[in-house]
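The values are calculated or read from the model by the stated rules, or taken from the named source; none is laboratory data. In this text, all values refer to a predicted model and were calculated from it rather than measured experimentally. Positions of Cβ are generated from backbone atoms using ideal geometry, with glycine treated the same way; all protein chains shown enter the neighbour counts.
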Amino acid sequence: MSKPQKEKSVTKDKLIGMKVIDGDGNLVGTVKDVAFTIGKAGISLSVENKSGENQDVPWEEIQAAGDFIILKPAKQAPAQSTQEAAQVCPTCKGPLSYVKEYQRWYCYKCQKYA
């Protein structure tokens, strides 16, 4: 039986400067700050894209945060290719996602590269 995963907290200082990758493996930008919306629960990240524009990314859209931040796949994402769908994590046997930016397969469940 596998051990339950330990919850990890992430500090503001660690988030600032992290690269943000979308669900398709493309670089979105770099975290510049952490924001709170007055009157609402939750936080968002202020992300500067390649052209220098800032966009807010709600925390609910974040899949994982470690060496970089990975966003959840878009709701209307195109179907995965047969090759991608066939890739499984050797640890948990869950599906792997290809991160183009790093040219590696990533397991969202284990939060590590395969």
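Here is a yes/no grid of residues against (1) surrounded by 14 or more Cβ atoms within 10 Å (Cβ to Cβ); (2) out of contact with any Cys (no Cβ under 6 Å at 6 or more places or on another chain); (3) of a type in the set (Asp, Glu); (4) within 18 Å of Gln103 (Cα to Cα):
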residue: Val10; (1), (2), (3), (4): no, yes, no, no
residue: Ile16; (1), (2), (3), (4): yes, yes, no, no
residue: Val20; (1), (2), (3), (4): yes, yes, no, yes
residue: Gly23; (1), (2), (3), (4): yes, yes, no, yes
residue: Lys40; (1), (2), (3), (4): no, yes, no, no
residue: Leu45; (1), (2), (3), (4): yes, yes, no, no
residue: Gly52; (1), (2), (3), (4): no, yes, no, no
residue: Ile62; (1), (2), (3), (4): yes, yes, no, no
residue: Phe68; (1), (2), (3), (4): yes, yes, no, yes
Hits in the stretch 34-55 (condition: farther than 23 Å from Gln111 by Cα and in a strand (DSSP E or B))
Ala35, Phe36, Glu48, Asn54, Gln55
Can you spot a residue in the stretch 69-82 that is in a loop (DSSP other than H, G, I, E, B), of a type outside the set (Asp, Glu) and modelled with pLDDT of 85 or more?
yes
Within the stretch 12-33, the residues that are aliphatic (A, V, I, L, M) and either modelled with pLDDT under 90 or not in a strand (DSSP E or B) (or both) are Leu15, Ile16, Met18
